[in-house]
Amino acid sequence: MQLSQADVLRHFFATSLTAEHAITRRVIEAIPEDKAGYKPQDVVKSAFELAWHIVSAEHRFIAGVADGAFDYSSTRPDNVRTIADMSAWYADVFARDISRVRTLAADALVKPIDFRGVFQFPAVAYLQIGLNHSIHHRGQLTMYLRPMGGAVPAIYGDSYDTARQKSTA
C-alpha cells in the first residue's frame, strides 16, 4: 500500500468513525438505566456488557492503530458503572483516539499490525475492521431496546420510535 493511499483511507475511515460514533452513543444512551442488565437469553451479554464490548473494542482498534500494536489487557475503569458513565467515557476516549489517528504519520498507517495471530494487516485497515465491528454489535444492541422498554433512536434516518415521537409532538 502506498503512503498516499493509506492517508486517503485514514481520512475516509476517521470521518466515518466520527459519524458512526454519534449514532452509537445515541443507541447506548437509549438503554434504560434500570434495565442495563437485560439479556434476551441466558447465553448472551447483557445490554450493559454488550455496550461495553462495543466501546472498549472500538477503543482497542483505534488506539491500536495509533500505537502500532493492540493492547488486550484493558479492563473497564472503576468509574464506569452506569450507562451515563459509559457514554461519557466513550466520548472522551474516542476524541483522544481519533485525534491521535488523524495526526499519525502516514508511514505508521502502512505498518503491519498483528491481530491475535489471525491477521497481519496494514494499520489503517483496522480502522475499517473496528468500524464494522461497532456497527455489527450496535445492531444487536438496538434489538435489545424495545423488549427492555426503551426506544430505538434514529440511526440512518428516523426509526419507528422517533417517527412516532414526531407525529405525537
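The values are calculated or read from the model by the stated rules, or taken from the named source; none is laboratory data. Quantities reported herein were computed from a predicted structural model and do not represent experimental measurements. Please note: Cβ atoms are built from the backbone with ideal geometry, for glycine as well, and neighbour counts cover all protein chains shown.
Might you check whether a residue that is surrounded by 16 or more Cβ atoms within 10 Å (Cβ to Cβ), among the aromatic types (F, W, Y) and closer than 21 Å to L50 by Cβ occurs anywhere in region 147-158? Let's see the steps before the verdict.
We begin by selecting, within region 147-158, every residue surrounded by 16 or more Cβ atoms within 10 Å (Cβ to Cβ); these are 148, 150, 152-153, 155.
Pick out the ones that are also among the aromatic types (F, W, Y) and you get none.
Within region 147-158, none of the residues are surrounded by 16 or more Cβ atoms within 10 Å (Cβ to Cβ), among the aromatic types (F, W, Y) and closer than 21 Å to L50 by Cβ.
Test of understanding: among L109, L104, L127, which residue is within 14 Å of the chain's Cα centre (by Cα) and either aliphatic (A, V, I, L, M) or not in a helix (DSSP H, G or I) (or both)? Show your work before the answer.
Details: L109 fails: within 14 Å of the chain's Cα centre (by Cα); L104 fails: within 14 Å of the chain's Cα centre (by Cα).
On inspection, the qualifying residue turns out to be L127.
Within region 30-52, work out how many residues are under 11 Å from M86 (Cβ atoms), assigned to a loop (DSSP other than H, G, I, E, B) and not small (G, A, S).
So the answer is 1.
Just one of (1) of a type in the set (V, I, T); (2) at pLDDT below 95; (3) in a helix (DSSP H, G or I) trips up V93, so point out which.
V93 satisfies all of (1) of a type in the set (V, I, T); (2) at pLDDT below 95; (3) in a helix (DSSP H, G or I) except (2).
Could you check P112 against (1) touching a residue at least 24 places away in the same chain (Cβ under 8 Å); (2) surrounded by fewer than 15 Cβ atoms within 10 Å (Cβ to Cβ); (3) not β-branched (V, I, T) and say which number it fails?
Going through the list (1) touching a residue at least 24 places away in the same chain (Cβ under 8 Å); (2) surrounded by fewer than 15 Cβ atoms within 10 Å (Cβ to Cβ); (3) not β-branched (V, I, T), P112 breaks only (1).
Looking at T18, T75, which one is in contact (Cβ under 8 Å) with a residue 24 or more places away in the chain and β-branched (V, I, T)? Spell out the reasoning first.
Values: T75 fails: in contact (Cβ under 8 Å) with a residue 24 or more places away in the chain.
Testing whether each residue is in contact (Cβ under 8 Å) with a residue 24 or more places away in the chain and β-branched (V, I, T) leaves just T18.
Could you list all residues from region 37-65 that are surrounded by fewer than 18 Cβ atoms within 10 Å (Cβ to Cβ) and of a type in the set (A, V, I, L, M, F, W, C)?
Within region 37-65, V43, V44, A57 meet the criteria.
Looking for something under 20 Å from I155 (Cβ atoms), of a type in the set (F, W, Y), in contact with a helix residue (DSSP H, G or I) (Cβ under 7 Å, 6 or more places away or on another chain) and at pLDDT 95 or above - is there at least one such residue anywhere in region 55-78?
Just the residues of region 55-78 that are under 20 Å from I155 (Cβ atoms), to begin with: 55, 57-58.
Still in the running and of a type in the set (F, W, Y): none.
No.
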